[in-house]
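The values are calculated or read from the model by the stated rules, or taken from the named source; none is laboratory data. Source: prediction; values computed, not measured. For neighbour counting, all protein chains shown are included, and Cβ atoms are generated from backbone atoms with ideal geometry for every residue, glycine included.
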Amino acid sequence: MNSKLPINLIDLLRQRTVEGERIEYKSGWNPDAIIRTICAFANDFENLGGGYVVIGQDCDANGQPVFPPVGLADNQLDKIQQELLAACQLFQPPYFPVLSIEEVEARKLIVLWAPGGQNRPYKAPEAITANKKTWRYYIRRFSSTVEAKGDAELELLSLAAKVPFDDRYNQTALPDDLSKPLLQAFLHEVNSALAENASMLSVEELARQMNVAGGAAEAARAKNVGLLFFNETPERFFPGVQIDVVWFPEGAGGDRFEEKIFKGPLAQMTREALHYIQRNYLRETVIKHPDRAEATRIWNFPYAAIEEALVNAVYHRSYEEREPIEVRISYDELVILSFPGPDRSIRMADLQVGRAVSRRYRNRRIGEFLKELQMTEGRATGIPKILKEMTTNGSPAPKFETDDDRLSFVIRLPRHPLSLGPVITGWEVTGEVTGEVAGEVTGEVERVLRVMSGEMSRQQIQSALGLKGDDHFRTAYLKPALLAQVIVMTLPDIPRSSKQRYRITDIGQQWLATHLSTDNSL
C-alpha cells in the first residue's frame, strides 16, 4: 500500500492547498474513527475530491496541526498497515485508500489519501473491533464525519454510479495518451515528493499514483481529468475545450471583431488566455491630484477579478458540452460566458451579493488540480473575490446572469468610468492623467502636433505630413501620439469608425506652446 503523494505534504498539513474539511488529523491509530472517515471521503458527498487522513499528527483546539507532530514509532508502522488492509476489505463495496509514509520534522506519519470512489455509496462497519458488525453510510459535514441519515442517506443513495464526468474513466483513452513531461511538470510545480522518482516510473504507474488513470491491469484507462490536464491536445477527446477571446473595437453591436483561440492542457490554456488579456486589453490610468502627493491608480478592468472569473468558468463548465468558454471584450465591459449555468440550488439573488454556496461541485478533480496549482481557492470564494476586487478598484459592481433553464452563465465586468481611452489590440499601455506628456514625444509625434488643426481624419493628418504609406504612418506617427496622450480620438468607443477624427489634447497644447515658445526664443 506504500506510495508517494502527488502533493506536497507540508503544504497539505499547513492547509495552504487543501481545505481543512478535507483533512482529518489523528495523533495515533484509532481504527474505528479512521475507517469511518475514509468511508466518508470515499462517498465524497459534496464532490470535493475526497480527502486525507494524517495519522501521527496532533492538532490544537481550533483544528490546526501542531508542529513538530507527535509522530509514530517505527515498530507501529507495519502493524498499522496490516490492520488497515484488513479493515478496508470490510468496506461494501471494497475500497482502498492510497497510503504513504512521510517524514515531517524528523517524525514519521502515515498519510491516507482517500479520493472520491468510482462505486459509491460505500458502507463501513460502525466498529471494526465489534464481534457483530453493523454497516453504516458516512459522509463529511464540514470538518466532521457523520452518519448519513434521513434525507442525506436518500441523497447519497441517489448518487450511486454518478461519478462526476471529470473523474470517470475515458473508454477511448489509454494511460499512454497522457504526457509524462506534463505529469512531471505538474509534480515539480506543486513540489511533490513523487517528482523525485517520477522519471523511473512508466506513464501508467505515474498516472495511477496521481489517480488520473486506473482500472484493471489488462484494461487500464485514463481518466477524463488526466486527459484535460496532461494531454497536449485535449480537444481531440472533448471538442469545445478552448477559450475564445474576442475583441469588439466598435462595441458588441459592431460589425468587426478580432478573435484569438486558446487550446491545450487546461492549466496552460487558462494561463495563456489570462496573459494575453492582461498584455493586450488591460490599462492602468494614473490620476495625479494637485492637493496631495498620492496619485489614484485605476484599471479599466482589474486583473484579479478577470482571473477569478475565468478560472471559475474553467472549473465549473461542463466538459460534456461542445461550447467553448468565451471572453468578450469591448470598450465598456469584459464578459465571460460559459455553459451550463450555476446549480439550481443557488439563488441568483444570493449570487449577486456573494453569498451563494453550491450544494455540489460539478468537477471535483478539476477543482482539486486547480487548487494545488493555486489557481483557485474553491469552496464558493470566487464570486466574493470578484466583488471585492471590483470594489477595491473603484469599478461598478459586476453582474452575474443566467437563463431560466440555467443553460449558460455570464459574468459582466463593467469598465471603470474614469479609465481613459480605448483599449487597442497589441499595445501595452499605461495611461496617465498628469498634466504632462504620458510618453516620449518623438520627432514624428512633434510633426503630427505641428500640422494638427481642429478635428482631423487620419487621411487628412497623413496628407498634411506628405506621407503615403498607411502602415508606416500608423506605426511611427499616429500610435505614438495617442500613447503620449497629446492627441485623442473623437470617437473612442468605435476607434475604426469611418467618422473617426483626432484632436490635440490639453496636454498636447501645453507641450506645443512650451516648445513653440522655446523655438521663438532661439
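Restricting attention to segment 47-97, the residues that are of a type in the set (A, V, I, L, M, F, W, C), surrounded by fewer than 21 Cβ atoms within 10 Å (Cβ to Cβ) and under 30 Å from residue 315 (Cα atoms) add up to 1. With respect to the conditions (1) buried (at least 22 other Cβ atoms within 10 Å of the Cβ); (2) of a type in the set (Ser, Thr, Tyr); (3) free of Cβ contacts under 8 Å to residues at least 24 places away in the same chain, residue 144 falls short on a single one, namely (1). Selection of segment 68-102 for residues being farther than 24 Å from residue 124 by Cβ and more than 31 Å from the chain's Cα centre (by Cα) yields 68, 69, 70, 71, 73, 74, 75. Taking residues in segment 494-506 that are at positive phi, and partners anywhere that are crowded, with 18+ Cβ neighbours inside 10 Å, not one pair has Cβ atoms closer than 6 Å while being at least 6 places apart or on different chains.
I'd like the residue in segment 174-213 that is over 21 Å from residue 367 (Cβ atoms) and among the aliphatic types (A, V, I, L, M) and, out of all such residues, is surrounded by the most Cβ atoms within 10 Å (Cβ to Cβ). Filtering first and then ranking leaves 206. Candidates are the residues of segment 244-276 that are among the aliphatic types (A, V, I, L, M) and either under 16 Å from residue 332 (Cα atoms) or not assigned by TED's automatic domain parsing to the domain that holds residue 371 (or both); the one that is surrounded by the fewest Cβ atoms within 10 Å (Cβ to Cβ) is 252.
Kindly establish whether residue 112 is in the same structural domain as residue 83 (by TED's automatic domain parsing), under 31 Å from the mean Cα position of the chain (by Cα) and over 18 Å from residue 24 (Cα atoms). Judged against the criteria, residue 112 is not a match. Of all the listed residues (467, 482), the sole one being more than 42 Å from the chain's Cα centre (by Cα) and either in a loop (DSSP other than H, G, I, E, B) or closer than 24 Å to residue 284 by Cα (or both) is 467.
Rundown of residues vs (1) in a helix (DSSP H, G or I); (2) in the same structural domain as residue 366 (by TED's automatic domain parsing); (3) at pLDDT 90 or above, yes/no style:
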{"position": "10", "(1), (2), (3)": "yes, no, no"}
{"position": "17", "(1), (2), (3)": "no, no, no"}
{"position": "24", "(1), (2), (3)": "no, no, yes"}
{"position": "32", "(1), (2), (3)": "yes, no, yes"}
{"position": "35", "(1), (2), (3)": "yes, no, yes"}
{"position": "42", "(1), (2), (3)": "yes, no, yes"}
{"position": "48", "(1), (2), (3)": "no, no, no"}
{"position": "54", "(1), (2), (3)": "no, no, yes"}
